[in-house]
1. Here is a list: LEU143, LEU57. Which entry is at pLDDT 90 or above and either touching a Lys or Arg at 6+ places or on another chain (Cβ under 9 Å) or of a type in the set (Asp, Glu) (or both)?
2. Among the residues that make up segment 25-38, is at least one of them modelled with pLDDT of 95 or more and within 15 Å of the chain's Cα centre (by Cα)?
3. Can you name the residue in segment 76-96 that is modelled with pLDDT of 90 or more and touching a Ser or Thr at 6+ places or on another chain (Cβ under 7 Å) and is also surrounded by the most Cβ atoms within 10 Å (Cβ to Cβ) among such residues?
4. Please find, within segment 97-118, the residue that is nearest to PHE210 (Cα to Cα) out of those that are among the small types (Gly, Ala, Ser) and buried (at least 20 other Cβ atoms within 10 Å of the Cβ).
5. Given the options ASP80, ASP128, ASP134, ASP75, name the one that is touching a His at 6+ places or on another chain (Cβ under 7 Å) and under 30 Å from THR45 (Cα atoms).
6. When ILE193 is evaluated against the numbered criteria (1) surrounded by 17 or more Cβ atoms within 10 Å (Cβ to Cβ); (2) part of a strand (DSSP E or B); (3) at pLDDT below 95, which criterion, by number, is the only one it fails?
7. Report whether or not THR45 is out of contact with any strand residue (DSSP E or B) (no Cβ under 7 Å at 6 or more places or on another chain), more than 30 Å from HIS214 (Cβ to Cβ), of a type in the set (Val, Ile, Thr) and modelled with pLDDT of 95 or more.
Amino acid sequence: MGSRRREGSIINRRGLAAVAGLSALIAGCGYTGPSATTLLQRAKTTFDQTSSFHIQLTSQDTAGTGTELTAAAGDAVRPDGFSGTLTVEEAGLPFQIKAISAGGSFYIQLPFSDDFQTASPSKYGFGDPGRLLDPNTGISTLLTAAQKPNIGSTVRLNGESLQQVDATLPGSLLASLLVDADPSQTVAAVFSIDISSNQVREVDLTGPIFQAGHQSTFHLVLDKYGENVSVSPPPTP
């Protein structure tokens, strides 16, 4: 009887030790870095100091009947330059246009055309991409306008470990930067930040982007911070 009690107590102690070890391991995997607000503030500071960056934008669950920006890829350079390719849908049909924003003017090259022409970005369903690096109206304003930010998951992108921050944004802010069909509704945002460099690498924005009452998502990938990029107006035809 006594030996069985001693054996049982040893098993119990080992069991408790195993549970304690597992709990410590789980706790060790928990996030212990800066607060969500601090991460966003640092990311904005870094973004506002970079001279240029590359952006890739894609969309999911698009809807609507107007002219809509569904994808983009290009380089933005301070103070107001952008050069890239935009994918636009009109009446459900996608087409690509080359775009340049420089010196406060926006130029597009339509399919089957050799020349650029001046245009209004709003005609094609988006804001001026030349403002993407503007610290007062550009992408970095999303970081500090984030409401109720919380630490989210840890993810990997191209070998980098990124910390996600979940938050909501005013729809009016997205409407002025890109597009939002119902600015009165908030937009769900997920920022993926490289803590080692304080660079925001991905942004997911979900809300009534293309049509009121319908949830769509913009996915932004931001990289090539500070590369040597120059943008100038296209030649006059």
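The values are calculated or read from the model by the stated rules, or taken from the named source; none is laboratory data. Everything numeric here is computed off the predicted structure, so don't read it as measured data. No Cβ is skipped: glycine too gets one built from the backbone with ideal geometry, and neighbour counts run over all protein chains shown.
1. On the way: LEU57 fails: either touching a Lys or Arg at 6+ places or on another chain (Cβ under 9 Å) or of a type in the set (Asp, Glu) (or both).
Exactly one of LEU143, LEU57 is at pLDDT 90 or above and either touching a Lys or Arg at 6+ places or on another chain (Cβ under 9 Å) or of a type in the set (Asp, Glu) (or both), namely LEU143.
2. No, segment 25-38 contains no residue that is modelled with pLDDT of 95 or more and within 15 Å of the chain's Cα centre (by Cα).
3. In this case the residue turns out to be ALA76.
4. ALA99
5. Numbers: ASP80 fails: touching a His at 6+ places or on another chain (Cβ under 7 Å); ASP128 fails: touching a His at 6+ places or on another chain (Cβ under 7 Å); ASP134 fails: touching a His at 6+ places or on another chain (Cβ under 7 Å).
Answer to the selection: ASP75.
6. Here ILE193 clears every test but (3).
7. Working: out of contact with any strand residue (DSSP E or B) (no Cβ under 7 Å at 6 or more places or on another chain): yes; more than 30 Å from HIS214 (Cβ to Cβ): yes; of a type in the set (Val, Ile, Thr): yes; modelled with pLDDT of 95 or more: yes.
The answer is yes for THR45.
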